[in-house]
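Mind looking over this structure? Questions follow.
Rule-based calculations on the coordinates, nothing more; no lab input. From a predicted model like this one, the values you see are computed outputs, not experimental measurements. Cβ atoms come from the backbone with ideal geometry, glycine included; neighbour counts cover every protein chain shown.
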Amino acid sequence: MSDLLAHPLAELFPMLSEQEMHEMADDIVTYGQREPIVLLDGKILDGRNRYAACVFAEVEPVLVDYDGDDPLGFVLSLNLHRRHLSESQRAMVAARLVDWDIGINQSTAGSANLPTREAARRLSISERAVIAAKRIRDHGAAELIEAIRDGRVSVHAGEALSDLAVEAQREVLAREEKHIVARAKEIRAERQKLRHAVRLTHMDMVRANGRATAPGKLKRTYPVGYLDCPWKYGVRSEVTGREKSAENHYPTMTTDEIIDLLKQLDPFSENAVIYCWATNPMLLDGLRVLAELGFT
């Protein structure tokens, strides 16, 4: 039996565990090889596990050549339907597709290099998970990458651990699972506090610039007005609850601050028509602003 190498596309997905491999070998001995091993350029495109099981069981494998024009789609389709991979395992596959190594036979492998959004779509995961997996590939220890591919560590916990030095990552991975999860949470909390501090500093600068250039009371009033208020939404935690809030883009104001500013500017004539933008959670606040200005 000649030794066959795996095609790079086949290596996108993790191998079976040793126990699963032995079970497959026993099944092949008992029932025969149910599915052929598919080759591309003389390498295994699909069937690495079947080939390893055949070698272990000393059974001559059944081989066929790939007949198609989309080997990447072929590999993704078979593995995603055949295997029960976690989100984290799929994310590591997607990260490899985004940062595909140069050097394979592109004429036969097809376009394996995918944008982040497309890789996320094809692996049925979020773009955030792909970005986390890319960071792990760039900064994670080999043991961390292996732990995620094997399903022992989530991609989001792994992304947090990749902040540590390589040796520190290995020390954490050597501990029990609960310690790994706890350390990842600590790192995420530290990141959130840092981002919160940076965000507050940035917003203070924006507010200072705004105050320096803001007009006082207007010299005239207007019959039509549009209010796009910088609403401040309530959150459970000022540190962790505003990760995706408006404060990441511009300073917000409380409803009382908005009312005080509009009373100071007094921009609308007595019978003005005002359009006030508000999302559902701020609808009552929007009505309150109009009422405070004397409009109903």
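How do Val130, Val153, Val59 rank when sorted from fewest to most other Cβ atoms within 10 Å of their own Cβ? Could the numbers behind the result be given before it?
Values: Val130 28, Val153 25, Val59 16.
Placing the least packed residue first, the sequence is Val59, Val153, Val130.
Can you tell me the FRET efficiency between Asp99 and Ala197 if r is taken as the Cβ-Cβ distance and R0 is 51 Å, rounded to the nearest 0.05?
Numbers: r = 31 Å, r/R0 = 0.62.
Efficiency, rounded to the nearest 0.05: 0.95.
Shifting gears a bit: Cross-chain or 8 or more residues apart, Cα under 20 Å: how many lysine pairs in the chain fit that? Count them up, please.
9
Could I have the simple spin-label model distance between Tyr31 and Thr254, label points 7 Å from Cα toward Cβ, reported in nm to one decimal?
Distance between label points: 6.8 nm.
Can you put Asp163, Asp228 in order of Cβ neighbours within 10 angstrom, beginning with the fewest? Write out the running numbers ahead of the final one.
Working: Asp163 15, Asp228 9.
In increasing order of surrounding Cβ atoms, one gets Asp228, Asp163.
Still on this structure, please answer the following. Please list 3J(HN,Hα) in residue order for region 43-50, calculated via the Karplus relation 6.51 cos²θ - 1.76 cosθ + 1.60 where θ = phi - 60°; whole Hz, with x for glycine and proline.
10, 6, 8, 9, x, 4, 5, 5
Moving on to the next point. In nm, what is the difference between 0.36 nm times the number of residues separating Asp65 and Ser126 and their Cα-Cα distance?
Values: separation 61, 0.36 × 61 = 21.96 nm, distance 3.39 nm.
Taking 0.36 nm per residue and subtracting the Cα distance, the gain is 18.6 nm.
Further, regarding this structure: Measure off 7 Å from each Cα along the Cα-to-Cβ vector at Lys219 and Ala189, then give the distance between these two points in nanometres to one decimal.
Computed distance between label sites Lys219 and Ala189 equals 5.7 nm.
If R0 is 35 Å, what FRET efficiency do you get for Glu167 and Ala6 from their C-beta distance, rounded to 0.05?
My answer for the efficiency is 0.70.
Would you mind calculating the relative contact order of the chain from Cα pairs under 8 angstrom and at least 6 residues apart, reporting the percent as a whole number? Before the final figure, lay out the partial values.
Numbers: 335 pairs, mean separation 33.7, N = 296.
That works out to 11 percent.
Using modelled amide H (1.01 Å from N, peptide plane; none on Pro or chain starts), what sits under 5 Å from the amide H of Ile274, excluding residues fewer than 5 places away?
Gly225
With θ set to phi - 60°, apply the Karplus curve 6.51 cos²θ - 1.76 cosθ + 1.60 along region 183-190 and write out the HN-Hα couplings as whole Hz, x wherever there is a Gly or Pro.
Listing the rounded values in order: 5, 4, 5, 4, 5, 4, 5, 5 Hz.
Would you pull out the residues with amide H under 5 Å of Ile44's amide H, same chain only if 5 or more places away, H placed 1.01 Å from N?
Placed amide hydrogens put Leu5, Ala6, His7 under 5 Å from Ile44.
Quick one: order Leu290, Leu194, Leu173 by neighbouring beta-carbon count within 10 Å, fewest to most.
Values: Leu290 16, Leu194 10, Leu173 20.
Going from least to most buried by this count: Leu194, Leu290, Leu173.
Describe numerically, in nm with one decimal, the distance between label points set 7 Å from Cα along Cα→Cβ at Asn271 and at Tyr226.
It works out to 2.4 nm between the two label points.
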